[in-house]
Amino acid sequence: MKEVNNYLEKNKERFVEELISLLKIPSISADSNYKNEVIKAANAVCVELEKAGADKVELCETAGFPVVYAEKIIDPKLPTVLVYGHYDVQPADPIELWDSPPFQPVIKDNKIYARGAADDKGQMYMHVKAFEFMMQTDQLPCNVKFIIEGEEEVGSVSLEGFIEENKERLKADIILISDTSMLSLENPSITTGLKGLSYMEVEVTGPNRDLHSGLYGGAVANPINVLCDMISSLKDEQNRISIPGFYDKVIDASDEERALIAKTPFSLEEYKKKLDIDEVSGEEGYSTIERTGIRPTLDVNGIWGGYIGEGAKTVLPSKAYAKISMRLVPDQSDEEISALFQKHLESIAPKSVKVKVNPHHGATPYVMPIDIPEYKAASEAMKISFDKTPVPVRAGGSIPIVALFEQVLGLKSILLGFGLDTDAIHSPNEHFGIENFMKGTETIIHFYEQYAKMKAE
Ligand code: BES
Ligand code: MN
Ligand code: MN
């Protein structure tokens, strides 16, 4: 395509300003206090898509937050790219750990700091600007449809029904998503897999009320102690998960696949330094990249109970709780894993307590083969803008709707993400490099060209 770099350079400041306005809207889907703000963000996305030249821009109501739909059909005979992204963001807390307010974006060291900067407003907005360029310069080479949702951070509950009810409208040839990371600007990569997710809440009940820990301690089971024992028994000395049947469906990586992973440009020293840790930890026999990419994991996300106020209160609590997530790989099913987890926890619970296990939303794992032409188009596009062939990397994160896109619409998703793992998504001081934003926009434009060319062949 012509004029790409020129146009992007000339309009860079405006792009950043527009993104900043979007980032000022605290569209936190998990917190009902922000309901109006989430809807405000949806409307802002509609306005931006319309301005960029999309037709049939629509705020589609659902039982939850609206889905933004838009399209530009230049010729029904040409292939169609379906762009997915999300305008909702994670809560900002702990707010006191931010160096600047999460919804008052600031630019520092050529990075935009704000909640949602990388996940996913900044990455979603690259698609709006890439589309704007192709419309402005009359170079859109195929049809495009957009669905931008507002519930990704809470499990995409309403979107599932939306895609089932809108199969015809969402007809496309490939899905394009920027909601993942790459290795670095020097080492571009394409995400070829997403983890599945089982998320459980555990409640352990001991005595019917909090007790004096001197009068009853040592004689009545302490639910916090019991919960800790149960949790620590979930992994063995090799850091393998000890839930019976947990690994049954795991497809082990082939030697070739592992050899390819071993070539991933990655510095363990740098990784540890950035996190201020002296040693990494994980399943024995696997590298860090393998642990995050191709192996299932189990983590406690939160644990509470008893007295946590100021000073000391001697109490043997009645209850203890934990939230536990398991990241899954093909062909594990979140429903099966949730059931195995529940059964196992109930079976190891001592008679001295009662254990309740409640599953939350889940996600099915996803992989993308690298020998399909769409991957090659993405790879070519990255090669043009980064001057280097990207390497495939499987991500540790999850995007629940991606597996459903495949099940319901029969479409593969290309995960062309431009964030970095160090962008602090979901954490205080989330940020997105302006260079990542610009390079990402450029790459998306090249993708359309490569993809249309490949489909025409
Ligand atoms: N964009 C992330 C997922 C992601 C980030 C994948 C980086 C790969 C690399 C997404 O918004 C997210 O946070 N997903 C959640 C799942 C959801 C059910 C809350 C996750 O992975 O925890
Ligand atoms: Mn995201
Ligand atoms: Mn997220």
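Nothing in this text is a laboratory measurement; each read-out follows from the coordinates by a stated rule. The model shown is predicted, which means the values in this text are computed figures rather than measured ones. In this analysis, Cβ positions are derived from the backbone assuming ideal geometry, glycine residues included, and neighbour counts consider all displayed protein chains.
For a distance above 14 Å, tell me the whole-number percent of Cα pairs in the range 353-427 that qualify. More than 14 Å apart: 72 percent of the Cα pairs in the range 353-427.
Over 19 Å apart at the Cα level, from the set LYS12/LYS108; LYS121/LYS145; LYS195/LYS356; LYS145/LYS412; LYS51/LYS72, are LYS195/LYS356. Cβ crowding within 10 Å, taken as a proxy for footprinting-reagent exposure, orders ASP31, ASP120 from fewest neighbours to most as ASP31, ASP120. Based on DSSP H segments of at least four residues, each scored -39500 (n - 2.57), the chain has a per-residue ellipticity at 222 nm of -10500 deg cm²/dmol. For a straight C-alpha distance cut-off of 15 angstrom, the aspartates and glutamates reachable from LYS2 (same-chain residues fewer than eight places away being disregarded) are GLU132, ASP138, GLU442, GLU449. Run the numbers on the chain and let me know its relative contact order in percent, using alpha-carbon pairs under 8 Å that are six or more apart. Normalised by residue count, the contact order of the chain is 25 percent. The charge dipole of the range 214-281, taken about the Cα centre with unit charges on the Cβ atoms of Lys, Arg (+1) and Asp, Glu (-1), comes to about 200 debye, rounded to the nearest 20. Provide the FRET efficiency to the nearest 0.05 for the ASP173-LEU215 pair, computing r from the beta carbons and using R0 = 60 Å. So the FRET efficiency works out to roughly 0.30.
Of the trypsin sites (Lys or Arg not before Pro) in the range 39-96, the ones in a loop by DSSP (not H, G, I, E or B) with at most 16 other beta carbons within 10 Å are LYS77. Only Lys, Arg, Asp and Glu carry charge here, each on its Cβ (+1 for the first two, -1 for the last two); on that basis the range 299-457 has a dipole of about 720 debye about its Cα centre.
Note that the chain, at 25 °C in a medium of 0.890 mPa s, gets a Stokes-Einstein diffusion coefficient of 104 µm²/s from its Kirkwood radius over C-alpha pairs. Applying 1/(1 + (r/R0)^6) with R0 = 35 Å to the Cβ-Cβ distance of GLU3 and LYS263 gives a FRET efficiency near 0.45.
Each peptide among 157-168, 139-150 gets the average number of other Cβ atoms lying within 10 Å of its residues, and from highest to lowest they stand as 139-150, 157-168.
Each of HIS360 and TYR271 was given a label point 7 Å from its Cα along the Cα-to-Cβ line. The distance between the two points is 2.6 nm. Listed values for the range 307-315 are Karplus-derived 3J(HN,Hα) couplings in whole Hz (6.51 cos²θ - 1.76 cosθ + 1.60, θ = phi - 60°), namely 9, 10, x, 5, x, 10, 10, 7, 9, and x replaces Gly and Pro.
Compared with the direct C-alpha span, the chain from ILE384 to SER32 gains 122.4 nm at full extension, assuming 0.36 nm per residue. In loop segments of the range 285-370 as defined by DSSP, the trypsin sites (Lys or Arg not before Pro) with at most 13 further C-beta atoms inside 10 Å of their C-beta are LYS313, LYS351. Residues within the reach of a label modelled at HIS426 (point 7 angstrom out along Cα to beta-carbon, backbone nitrogen below 17 Å), restricted to the range 148-184, are 151-157, 179-182.
Exposure proxy for CYS46, CYS228: other Cβ atoms within 10 Å of each Cβ, ordered fewest to most, give CYS228, CYS46. Does the range 1-135 come out rounded, prolate or oblate by the C-alpha gyration tensor, with a ≥ b ≥ c the root eigenvalues, rounded set by a/c under 1.5 and, if not, prolate when a/b is larger than b/c and oblate if not? Verdict is oblate for the range 1-135. Per-residue extension of 0.36 nm, minus the Cα-Cα distance of ALA63 and GLU256, leaves a gain of 64.9 nm for this segment. Once the convex hull of all Cα atoms in the range 99-188 is built, its volume per residue stands at 165 Å³.
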